[in-house]
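Below you'll find the structure, written out as structure tokens, and then a few comments.
Rule-based calculations on the coordinates, nothing more; no lab input. All figures in this text were calculated on a predicted structure; none of them were measured in a lab. Using ideal geometry, Cβ is built from the backbone for each residue, glycine included, and neighbour counts are taken over all protein chains shown.
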Amino acid sequence: MSSHGKSSHGNTSAWPLALVYIALVVYASLYPFSAWRNQGVLPWAYLTQPLPKYWTGFDVAINIAGYAPLGFLGVLTALRTGHGKFAVLGVTLLVFTLSMCLEGLQNYLPSRRASNVDLWLNGLGGLIGGLSAWALEKLGAIDRWSHFRRTWFVPQARGGLVLLTLWPIALFFPASVPLGLGQVLERVEAALGEALSDTPFLEWLPMRTIELQPLLPGAELLCVLFGALMPVLLAYSVLRTRLQRGIFLVIILMLAVAISGISAGLSYGPEHAMAWLTLPVQLGLLGAAVAGALCLLLSARSCIAVLLLALVAQLFMLNLAPASPYFAQTLQTWEQGRFIRFHGVVQWLGWLWPFVAVAYVMGRISKPNVN
């Protein structure tokens with residue numbers, strides 16, 4: 001790699017994304033983290049088991065694809081920090097070791113099954129991802145990305161880029177309100193009530209005097225507007241020019257519509273992929289486009305301040321409303337069958353993304369060098 005293509009450990013977004021992805025892989029592999037038991041089988045006994053008689057193309061693809069990004073990010077981290085020698089081999093061995101440990105732990109979960117085939121497919125995915133990063137570096141793509149990042153983004157853009165990368169993934173999990181990430185109050189109350197049942201601490205929980213009320217169309221419009229505007233303002237805070245902001249405004253709004261449609265199609269069937277695009281949602285997206293255009297002239301610090309207001313306003317409105325019955329049915333669909341492999345991962349992203357964004361924004365706005 002050329003010298004100008006290298007990046008210090010502190011400036012690359014690859015390593016924090018790799019850490020986030022490791023956490024997601026662990027969560028997806030050990031979900032639902034309940035009913036642990038010892039079957040009297042050694043954790044590594046699955047390594048010598050006969051090959052399964054039944055498998056599907058989906059199983060093969062999801063095991064390879066699930067670990068390919070980890071191999072890619074691992075090798076990319078090594079390349080961008082100047083440790084590219086034997087990076088593919090080292091990262092592949094680390095990915096294989098991680099998969100081997102997680103498969104062994106699955107022996108203790110009744111809903112999961114350790115598989116030597118899954119292990120080799122996971123390792124293959126890590127190798128493919130690592131080779132992809134290595135090939136892109138040899139083709140000069142890493143250098144071009146470094147140049148693109150220096151040209152388009154401010155030096156302190158790492159945290160914002162990580163959040164922008166995770167935002168589209170979080171949208172894949174169906175939300176009760178389109179683009180409404182972070183609606184957690186009902187589930188937190190239920191989880192705390194279950195955890196503290198039959199204990200004196202149950203009386204410490206605050207009790208609501210009224211039931212949560214469904215959102216009115218105007219409130220739903222605002223939630224959609226804020227939900228679309230949040231990644232737009234986040235991008236504005238790390239981009240250099242107004243032209244670049246305008247390009248990202250279009251890209252983010254297109255992503256919002258496309259991914260929400262894919263999520264609806266996965267949940268309700270392809271024929272209902274755009275059923276979520278009701279009049280309040282359409283007006284909310286239009287309002288986000290207008291607000292995004294007006295915010296093109298704001299400084300980065302002003303964008304961060306408006307972003308904080310949008311985050312707090314949307315979280316407040318969403319968590320004063322209950323999830324709809326149709327949403328509960330959707331969750332059952334995602335929690336069964338093929339979706340169980342990644343249902344929990346995307347769900348947590350959808351819950352936590354706005355809260356992590358609030359923490360990031362608070363940290364950014366406290367820095368005097370943001371202008």
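Observations
- Mean Cβ neighbour count within 10 Å, used as a protection proxy, ranking 227-238, 81-92 highest first: 227-238, 81-92
- Extension gain, Trp145 to Val41, is 32.6 nm, computed as 0.36 nm per intervening residue step minus the present C-alpha separation.
- Computed E for Ile262/Trp204 - FRET, C-beta separation, R0 56 angstrom, nearest 0.05: 0.85
- Gyration tensor verdict on the stretch 36-96 (Cα atoms; rounded if a/c is under 1.5, prolate if a/b is larger than b/c, oblate otherwise): prolate
- Dimensionless Rg/Rh of the stretch 3-152 - Kirkwood Rh, Rg from C-alpha atoms: 1.06
- Spin-label model, Phe86/Ser197: points 7 Å from Cα along the beta carbon direction are separated by 5.4 nm.
- Packing-based ranking of 40-51, 274-285 yields 274-285, 40-51, ordered from highest to lowest mean Cβ neighbour count within 10 Å.
- Highest to lowest packing among 129-138, 147-156, scored as the average C-beta count within 10 Å: 129-138, 147-156
- Helices meeting the span-like rule in the chain (full DSSP H runs, Cα extent of at least 18 Å along the helix axis, mean Kyte-Doolittle score of 0.0 or higher): 14-30, 57-80, 87-105, 116-138, 158-171, 217-236, 242-268, 279-294, 300-318, 343-365.
- Relative contact order of the chain: 21 percent, from C-alpha pairs under 8 Å at least 6 residues apart in sequence.
- At an R0 of 56 angstrom, the distance between the Cβ atoms of Ala313 and Thr48 translates into a FRET efficiency of 0.50.
- Prolate/oblate/rounded label for the chain (Cα gyration tensor, a/c 1.5): oblate
- Near the amide H of Gly182, within less than 5 Å, lie the amide hydrogens of Trp351, all on another chain or at least 5 residues away, with H placed in the peptide plane.
- Length gained when the stretch Trp152-Leu243 is fully extended (0.36 nm per residue, less Cα-Cα span): 31.8 nm
- Calculated FRET value between Arg301 and Ile22, using beta carbons and R₀ = 41 Å, to 0.05: 0.80
- Listing Glu186, Glu271 from fewest to most neighbouring C-beta atoms within 10 Å gives Glu271, Glu186.
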